[in-house]
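Read through the structure below, which is laid out as structure tokens, and then see the notes.
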Amino acid sequence: MSEFDTEAIVVGAGAVGLAIGYALAQRGIAPIVIERANLIGSGVSSRNSEVVHAGLYYPTGSLKARLCVEGADAIYAFCDAHKVDYDRCGKLVVACEEDELERMDAILEQANINGVPGMEVLSAAQAKALEPELRTVGALLSPNSGTFDSHGYMTALEGRIEDVGGSVVLSTPFEHAEPLPGGGFLVRTGGADPMELTTERLFLAAGLSCADVANRVEGFPKELIPTIHFGKGNYFSLQGKAPFRKLIYPMPIKGALGTHYRRDLGGQARFGPDLHFVETENYDVELDREPLFYQTIRRFWPGLKDGTLMPDYTGIRPKLHGPNEPQPDFRIEGPSVHGMEGLVALFGIESPGLTSSLAVGAEAVARQ
């Protein structure tokens, strides 16, 4: 009989927290995943593009590069095994002007270094043969990119956690944790039914609240808790028929991949996200940004008609960088970093966090 109430507690039931729970379940551990909201995946995980990224852009040797490539393969295999819908439609990274071709070449080189499968260079004519309405002077084809049902995926993860006797407990905010003298942690939760539980392992996967949650762990080194910047992105949907079959991505912008196009699994065309930094969580679509969407989209789709973009939704990403700063790597930090046995803290798990989630989950468990 274990001296602890549970072997593992995971804070956060978004895609990454559930993937950590799944990785534990794969090892025969029945975790408790706690979530302050009343639904799984209702934060960062529900407000994104549902894109499976192939891993083109990320710096050599980074966690993002490795875990995105591994995660994409894992996502498709998981979806096949659990009957979760996806569409491996492929992606075109497009150069809209001649002076962008050099950047396109650099992306191809990085993709090859990262081990992204199947990359192809296309001429303008070849790209237009695939997508006749596209405006481009050259493109990269990434056949391993696609879209998937992220909510179906998270529901399947929850099911696998429950299959081993674990549980996902909603409306249960994390309040505090303190190390126990002989190892493990005492965890206190709030909400309508507050709890105190002892656990051998503790994983912090709280998305936008990752810094706040780390601050609530007694003894966690304050100097290792980063400032989290809220990177907000708006999405607009298209009235009318989707113009492209494949994902269309322009050249990346500073700190993000830029406003791109996707056709979701229901056939709806969507554009976004843009990026700007905000101080508080606010999920209203900012209508004053609509003209910039028209301008950006018409660079690769001149056929976009006035009045056909409709406000859709927004998302906020937990960024470790501010405006005009370089985008850092994921932070998945175990005892070798912070010195607290049995604890793994995750910071700045934004794009490609959803694609990488299964690989991130396995990595987090391995770092204990």
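Please tell me if Val16 is out of contact with any His (no Cβ under 7 Å at 6 or more places or on another chain), outside any helix (DSSP H, G or I) and of a type in the set (A, V, I, L, M, F, W, C).
no
Quick check on this structure: which one of Val33, Val69 is in contact (Cβ under 8 Å) with a residue 40 or more places away in the chain, closer than 29 Å to Gly118 by Cβ and over 11 Å from the mean Cα position of the chain (by Cα)? Show your work before the answer.
Details: Val33 fails: closer than 29 Å to Gly118 by Cβ.
One residue alone meets the criteria, Val69.
Please identify the pairs in which a residue from segment 159-185 that is free of Cβ contacts under 8 Å to residues at least 40 places away in the same chain has its Cβ atom under 7 Å from the Cβ atom of a residue that is of a type in the set (Val, Ile, Thr) and open to solvent by less than 50 Å² (accessible area, probe 1.4 Å), counting only partners at least 6 apart or on another chain.
Leu180/Thr198
When you go through (1) of a type in the set (Asp, Glu); (2) open to solvent by less than 30 Å² (accessible area, probe 1.4 Å); (3) out of contact with any Leu (no Cβ under 8 Å at 6 or more places or on another chain) one by one for Glu3, which number turns out not to apply?
If we test Glu3 against (1) of a type in the set (Asp, Glu); (2) open to solvent by less than 30 Å² (accessible area, probe 1.4 Å); (3) out of contact with any Leu (no Cβ under 8 Å at 6 or more places or on another chain), just (2) comes out false.
Confirm whether Val51 is open to solvent by 20 Å² or more (accessible area, probe 1.4 Å), on the phi < 0 side of the Ramachandran plot, modelled with pLDDT of 95 or more and of a type in the set (A, V, I, L, M). So that I can check it myself, show each step before the final result.
On the way: open to solvent by 20 Å² or more (accessible area, probe 1.4 Å): no; on the phi < 0 side of the Ramachandran plot: yes; modelled with pLDDT of 95 or more: yes; of a type in the set (A, V, I, L, M): yes.
No: the conditions fail for Val51.
Give segment 263-284 a look and list any residue that's free of Cβ contacts under 8 Å to residues at least 60 places away in the same chain and crowded, with 19+ Cβ neighbours inside 10 Å, or say none.
Ala269, Phe271, Asp274, Leu275
Answer yes if at least one residue in segment 241-257 is out of contact with any His (no Cβ under 6 Å at 6 or more places or on another chain), modelled with pLDDT of 95 or more, outside any loop (DSSP other than H, G, I, E, B) and among the charged types (D, E, K, R), and no otherwise.
No, every residue in segment 241-257 fails to be out of contact with any His (no Cβ under 6 Å at 6 or more places or on another chain), modelled with pLDDT of 95 or more, outside any loop (DSSP other than H, G, I, E, B) and among the charged types (D, E, K, R).
Could you list, in sequence order, all residues of segment 321-362 that are over 24 Å from Asp149 (Cβ atoms) and assigned to a helix (DSSP H, G or I)?
Correct list: Pro335, Ser336, Val337, His338.
For segment 182-196, which residues satisfy the criterion of being open to solvent by 60 Å² or more (accessible area, probe 1.4 Å), outside any strand (DSSP E or B) and modelled with pLDDT of 95 or more?
Hit for segment 182-196 is Pro194, nothing else.
Tell me which residues, restricted to segment 197-210, are open to solvent by 10 Å² or more (accessible area, probe 1.4 Å), outside any strand (DSSP E or B) and either at negative phi or touching a Cys at 6+ places or on another chain (Cβ under 7 Å) (or both).
Passing the criteria: Ala205, Ala206, Leu208, Ser209.
Considering only residues that are among the small types (Gly, Ala, Ser) and open to solvent by less than 20 Å² (accessible area, probe 1.4 Å), which ones fall in segment 298-319?
Of the residues in segment 298-319, the ones among the small types (Gly, Ala, Ser) are 303, 307, 315.
The one that is among the small types (Gly, Ala, Ser) and open to solvent by less than 20 Å² (accessible area, probe 1.4 Å): Gly315.
Could you tell me which numbered condition Ile349 fails, if it satisfies all but one of (1) in contact (Cβ under 8 Å) with a residue 60 or more places away in the chain; (2) surrounded by fewer than 16 Cβ atoms within 10 Å (Cβ to Cβ)?
(2)
Give me the residue from segment 9-44 that is at pLDDT below 95 and over 30 Å from Arg103 (Cβ atoms) and, out of that set, surrounded by the fewest Cβ atoms within 10 Å (Cβ to Cβ).
Ser42
Any idea which residue in segment 211-262 is least open to solvent (accessible area, probe 1.4 Å), counting only those that are within 27 Å of Arg103 (Cα to Cα) and polar (S, T, N, Q)?
Asn234
Out of the residues in segment 285-297 meeting the condition of being more than 24 Å from Lys128 (Cα to Cα) and not in a loop (DSSP other than H, G, I, E, B), tell me which one is most open to solvent (accessible area, probe 1.4 Å). Walk me through how you get there before you give the answer.
So in segment 285-297, the residues more than 24 Å from Lys128 (Cα to Cα) come out as 285-292.
Keeping just the survivors that are not in a loop (DSSP other than H, G, I, E, B) gives 287-292.
Numbers: Leu287: 104, Asp288: 124, Arg289: 54, Glu290: 51, Pro291: 86, Leu292: 83 Å².
Only one residue tops the list, namely Asp288.
The values are calculated or read from the model by the stated rules, or taken from the named source; none is laboratory data. Just so it is clear, the model here is predicted, and its values are computed rather than measured. Heads up, the Cβs are rebuilt from the backbone with ideal geometry, glycines too, and the neighbour counts pull from every protein chain shown. SASA here: full protein model, heavy atoms, side chains in, ligands and nucleic acids out. Shrake-Rupley method; radii C 1.70, N 1.55, O 1.52, S 1.80 Å.
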